[in-house]
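For reference, the structure discussed in these notes is given below.
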Amino acid sequence: MTTTRTQVCIIGGGPSGLLLSQILHRAGIDTLVLERQSRAYVLGRIRAGVLEGGTMQMLRDAGVGARMDTEGFLHDGTYVATRNRGFRVDFDALIGRQVMVYGQTEVTKDLYAARDAMDGRIVDEAADVAIQDAAGTPHVTYRRDGTEHRVDCDWIAGCDGFHGLSRQTIPADVLRTVERVYPFGWLGVLSRTAPAAPELIYANHDRGFALASMRNESLSRYYIQAPVDDPLEKWTDDAFWDELRRRLPSDVADAMETGPTIEKSLAPLRSFVAEPMRWNRLFLVGDAAHIVPPTGAKGLNLAVSDVHYLSDALIRHYGGDDEGIDSYSERALARVWKATRFSWWFTTLMHRFPEDGAFGQRMKQAEIDYLESSRAAQTVMAENYVGLPF
Ligand code: APR
Ligand code: PHB
């Protein structure tokens, strides 16, 4: 067995783990990232693409924002549609804020490039990662190339996502979780076509939700609400485009470019929060601690939010101040719950639920009509969509 030492052992080389490693390394704190998959696998994941203002600034401050600022698209607002018509919620006019459309895959590529430029320690394809003695002398073991390895550390950051091992390390009598699984999934496609509109369109329709998004001027991302157990083969490209166009306002649907899809996937939707986000020397970060339905585009942004609080706490700890460490869970969760509420609200408003019935759908249409007519209602939506302050 080999033994090495680091100050913060980070489990998971997704956005949470990479950004935390980057910020701590720049602050002079030693980290080691253990990632189960290959780098190609991690970079092959297709994920969401809307960054809050706080996320943009965190990436810039970490020296990872240059390509985002060059290749990303700043959006001043978004469209909301129902019953064949849409209206715009103007974030910039309402609250002077914007969001950035820039794929999570690109963020992850930029993070890996920055880590490599600083010779950050990242172990890919680390198998059988195990957290040892987080309540005493914390260390992590893993296997690679047939050899057992041990990492002695001061702290362990569980950045290993919803299916990781970190959350399972917290004793059942300490961990509290709440969950809502939604009775539908999102069928998403990527296509080399021009976006249907200059900004995103969130559409509520009797047949179900639809979202028109994009990655750049020649790469579009679309989603429709679909039964989560639908066989993917049922959704030929033609079937997808037909259903999407039935759910978008006809002026958009009639003019939009369709074409072969280059990626198609059906994902379940859930709201999930685990508390506390710290147990002794172990911290939970990002999807390891919480999952939101993608309607509010909060997943990546909440991971960055946790990294903001934890990196601040660890930097202060190594400067002799443990207040951030002691309050990390409470501070991170305060923002997690508000984003979870917004994601649940927007998902409930925009999707068809089996129990809705005619009355339920009319209530949702009435709320969307109110949203269209009220500056106050649009301000509430704008504040939450662009991201509440850290
Ligand atoms: N050992 C090592 N690595 C692991 C283990 C393990 N036992 N289990 C999971 N991992 C790795 C995964 O391979 C993945 O690369 O941890 C990483 C977790 O990354 P994400 O799932 O992307 O989670 P996070 O970094 O918190 O980012 C959250 O990613 O999933 C999206 O919608 C989510 O946008 C949000 C963002
Ligand atoms: C995406 O572009 O993938 C996307 C955008 C906004 C969302 C969800 C996904 O709310």
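The values are calculated or read from the model by the stated rules, or taken from the named source; none is laboratory data. Everything numeric in this text was worked out from a predicted model, so none of it was measured. All Cβ positions, glycine included, derive from the backbone under ideal geometry; neighbour counts span all protein chains shown. The area values use the complete protein model at the heavy-atom level, side chains included, leaving out ligands, DNA and RNA. Shrake-Rupley method; radii C 1.70, N 1.55, O 1.52, S 1.80 Å.
Out of everything in region 290-317 that is over 12 Å from the mean Cα position of the chain (by Cα) and open to solvent by less than 30 Å² (accessible area, probe 1.4 Å), what residue ends up being nearest to E106 (Cα to Cα)?
Step one: filter region 290-317 for residues over 12 Å from the mean Cα position of the chain (by Cα), giving 307-317.
Checking the rest, the ones that are also open to solvent by less than 30 Å² (accessible area, probe 1.4 Å) come to 307, 309-311, 313-314.
Details: V307: 18, Y309: 23, L310: 23, S311: 22, A313: 27, L314: 27 Å.
Top of the filtered list is V307.
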Original post:
Checking V189 against (1) open to solvent by 10 Å² or more (accessible area, probe 1.4 Å); (2) in a strand (DSSP E or B); (3) within 16 Å of ligand 2 (Cβ to nearest atom); (4) not basic (K, R), which single condition isn't satisfied?
Top reply: (1)
Original post:
Residue check: is T108 touching a residue at least 12 places away in the same chain (Cβ under 8 Å) and within 16 Å of ligand 2 (Cβ to nearest atom)?
Top reply: yes
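Of all residues being assigned to a helix (DSSP H, G or I) and small (G, A, S) in region 221-276, which is most open to solvent (accessible area, probe 1.4 Å)? Just the residue, please. Give the steps one after another, and end with the answer.
Our first condition is that a residue be assigned to a helix (DSSP H, G or I); within region 221-276, this holds for 232-234, 237-247, 250-255.
This time we only want the ones that are small (G, A, S), so: 239, 250, 253, 255.
Values: A239: 31, S250: 50, A253: 4, A255: 84 Å².
Filtering first and then ranking leaves A255.
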Original post:
Among (1) open to solvent by 30 Å² or more (accessible area, probe 1.4 Å); (2) away from ligand 1 (no atom under 16 Å from the Cβ); (3) assigned to a loop (DSSP other than H, G, I, E, B); (4) in contact (Cβ under 8 Å) with a residue 40 or more places away in the chain, which single condition is P183 missing?
Top reply: (3)
**OP:** Could you tell me whether any residue of region 316-339 is part of a helix (DSSP H, G or I), in contact (Cβ under 8 Å) with a residue 24 or more places away in the chain, within 16 Å of ligand 2 (Cβ to nearest atom) and touching a Pro at 6+ places or on another chain (Cβ under 8 Å)?
**Re:** no
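Can you tell me which residue among G86, G53 is more than 14 Å from ligand 1 (Cβ to nearest atom) and in contact with a Lys or Arg (Cβ under 7 Å, 6 or more places away or on another chain)? Explain how you work it out, then say what you get.
Values: G86 fails: in contact with a Lys or Arg (Cβ under 7 Å, 6 or more places away or on another chain).
Being more than 14 Å from ligand 1 (Cβ to nearest atom) and in contact with a Lys or Arg (Cβ under 7 Å, 6 or more places away or on another chain) holds for just one of G86, G53, which is G53.
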Subject >> Test for T169: is it within 16 Å of ligand 2 (Cβ to nearest atom) and surrounded by 12 or more Cβ atoms within 10 Å (Cβ to Cβ) >> reply: no
**OP:** Could you tell me which of the residues G63, G54 is touching a residue at least 24 places away in the same chain (Cβ under 8 Å) and crowded, with 18+ Cβ neighbours inside 10 Å?
**Re:** G54
Original post:
Would you call Y79 farther than 26 Å from T147 by Cβ, open to solvent by 40 Å² or more (accessible area, probe 1.4 Å) and within 16 Å of ligand 2 (Cβ to nearest atom)?
Top reply: yes
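Identify, from the list V42, V33, the residue that is touching a residue at least 24 places away in the same chain (Cβ under 8 Å), more than 15 Å from ligand 2 (Cβ to nearest atom) and in a strand (DSSP E or B). Even if it seems obvious, please write down each step before you answer.
Working: V42 fails: in a strand (DSSP E or B).
Answer to the selection: V33.
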